[in-house]
Amino acid sequence: MNQTIRHALAAALAIIAAGCTNPAALETHADATDGRPVVTIDPGALEGEAKGSLAVFKGIPFAAPPVGELRWKPPTPPAPWTGVRDASAFGDACPQPKPKLSSLYTPEPMPMSEDCLTLNVWTPADAKRAPVFVWIHGGALWGGSSRDPLYDGARMAERGIVVVSINYRLGVLGYLAHPALSAESPDGVSGNYGLLDQIEALRWVSRNIEAFGGDPSNVTIAGESAGALSVMYLMAAPQARGLFARAIAQSAYMISVPALEQSSHGAPAAEQAGVALAKAVEANDLAALRAMDATALTEAASAAAFGPWPSVDGGVVPAQLVDVFDRGTQAPVPLLTGFNSGEIRSLRVLAPPVPASAAAYEATIRANYLELADEFLRQYPASDLEESILATTRDALYGWTSERLVRQQSVLGQDAYLYYFDHGYPAADDAGLHAFHASELPYVFGNLHSTPPQWPKVPATDAERRLSDALLGYWTRFARDGVPVAEGEPAWPAYGREGHYLHVADVPMPDTGLLPGMYDLHEASVRRRRDHGALPWGWYTGLWSQPLPKQP
């Protein structure tokens, strides 16, 4: 290793002597004196940590802090620094409301500030042109952070890939639209700042990841829940085109979102929602909004029921995702996507309460779904109301979206891989949480024992470790070459004409025809809502559905 270091430092000195003007070309993976990895990128030099065979860099700024006049502005590059910057600690999380109630997803307390646009890199110490996996955390666009131990990239990086996890602006700081913000924008738009942060992070990867041993032409974007929602928007965003080669969307939901300037699909204009928010927090103008303390503003916006959604602005969000994927204008890249059988078991707030009787359930469904009611009741029968209600919401949000994604990518001639995570273990099953929302994450990252405090604990058994090794293999090989392969595990065929998918229960097993009829039912419902123009889709389904428009 020392000889390698000496050669690298000598090469760096030679480049400097020759008058090199590209700092990212000065690539070293360790410092000659104490073994700590050092790398030089666009803004300056970074010193990380050596962790076994890996070099780990944390809290790297990819954009300037969006504070003061930069609040609610597109991200700008970070200021350069002199000397060697310490990159051994995670950066602050972006401001987010304090949890009102404890849940499975309540994280440990963490520092927060608006100076939060940072990312982290795990890389094999000897990496050279290695595949890159960029992780976008979930949290309903309100919460979460790349510092969550669940997302530690070490086990993935040990498989020979470079792992990057990113922060992005959340809540009102990430998604506020307002007429005054649009007026000051050169493009005449506002909102979508969190999405713009994600694009800026990908640009940073494109410029700098080669210095960490990564291949900027072989980048996979990946995320779960709101992270998967973000993956779909990145696939739709013209500004993100060419910044990634593959995509992974875990428990994505293709919901309707507001338009920027006019009400549509049952939602007020995003700018109108911004005006209402400003009134609710008693801010008379942009200066007053920008002067508010970030934590106080975030808490006030949460209390005012502000919805942090991307908005259709005709630019970074060119149209509703349903329309983008129907037109085939999304990024033509291979895709891996899927959902969990028990998504709503840990998200029961998304499902309506069980009605008083089977007769009441059936009457409401018939009133809401008209001639689709017979098929709806076949899929979600009144004989088991609780399970039917949980399955309805799961499928309308996550199941339909996953299958729609693989179908539409297949139309583009891209390989698309569908999974159905149906794995339970004693602590989760005993709590009624079989295959709950996000429960695949510890397996995918290989972090079975780094789960949040309230999470049902995964047992330390060979069977659980083998399943984690299998998913680690499938995910990292997909990031490497676009084909999910795990050593010693079954082949995972692309969705194709036969509707292949991977059923992940105690072991992964390929199958065909996931939940027959599910996709067609929800596709028919969404198309009718979309064509009507004033009805939303995604959240309001089953007992909470507005009556569908009649067929013309």
Taking W142 and the conditions (1) among the hydrophobic types (A, V, I, L, M, F, W, C); (2) closer than 16 Å to P61 by Cβ; (3) open to solvent by 10 Å² or more (accessible area, probe 1.4 Å), which numbered condition does it fall short on, given that it satisfies the others? (2)
Pairs with Cβ under 7 Å, 6+ apart, first in the range 191-203 and at pLDDT 95 or above, second crowded, with 23+ Cβ neighbours inside 10 Å and basic (K, R): Y193/R169; G194/R169; D197/R169
Restricting attention to the range 328-345, the residues that are closer than 24 Å to A270 by Cα and either of a type in the set (V, I, T) or without any contact (Cβ under 8 Å) to a residue 60 or more places away in the chain (or both) number exactly 1
Does at least one position in the range 319-327 carry a residue that is closer than 30 Å to V275 by Cβ, buried (at least 24 other Cβ atoms within 10 Å of the Cβ), modelled with pLDDT of 95 or more and touching a strand residue (DSSP E or B) at 6+ places or on another chain (Cβ under 9 Å)? no
Only one of these is assigned to a helix (DSSP H, G or I) and in contact with a strand residue (DSSP E or B) (Cβ under 8 Å, 6 or more places away or on another chain): S206, S256. Name it. S206
Regarding the range 496-516, can at least one residue be identified that is assigned to a helix (DSSP H, G or I) and at pLDDT 95 or above? no
Among the residues of the range 444-489, the number that are open to solvent by 40 Å² or more (accessible area, probe 1.4 Å) and of a type in the set (A, V, I, L, M) is 4
Of all residues in the range 408-422, count the ones that are touching a Phe, Trp or Tyr at 6+ places or on another chain (Cβ under 7 Å) and part of a helix (DSSP H, G or I). 2
Identify all residues within the range 526-540 that are part of a helix (DSSP H, G or I), of a type outside the set (D, E, K, R) and open to solvent by less than 30 Å² (accessible area, probe 1.4 Å); write none if there are none. V526
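Residues are listed down the side, and each one gets a yes or a no for (1) out of contact with any His (no Cβ under 9 Å at 6 or more places or on another chain); (2) in a loop (DSSP other than H, G, I, E, B); (3) not charged (D, E, K, R):
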residue: P78; (1), (2), (3): yes, yes, yes
residue: W81; (1), (2), (3): yes, yes, yes
residue: P97; (1), (2), (3): yes, yes, yes
residue: S102; (1), (2), (3): yes, yes, yes
residue: V121; (1), (2), (3): yes, no, yes
residue: P131; (1), (2), (3): yes, no, yes
residue: S146; (1), (2), (3): no, yes, yes
Residue count for the range 507-552, restricted to those that are under 30 Å from A486 (Cα atoms) and either out of contact with any Asp or Glu (no Cβ under 9 Å at 6 or more places or on another chain) or among the hydroxyl-bearing types (S, T, Y) (or both): 6
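The values are calculated or read from the model by the stated rules, or taken from the named source; none is laboratory data. None of these values were measured; they are calculated from a predicted model. Here the Cβ is made from the backbone with ideal geometry for all residues, glycine too, and neighbour counts use every protein chain on show. Ligands, DNA and RNA are stripped out before the accessible areas are found, and what is left, the full protein with its side chains, is counted by its heavy atoms. Shrake-Rupley method; radii C 1.70, N 1.55, O 1.52, S 1.80 Å.
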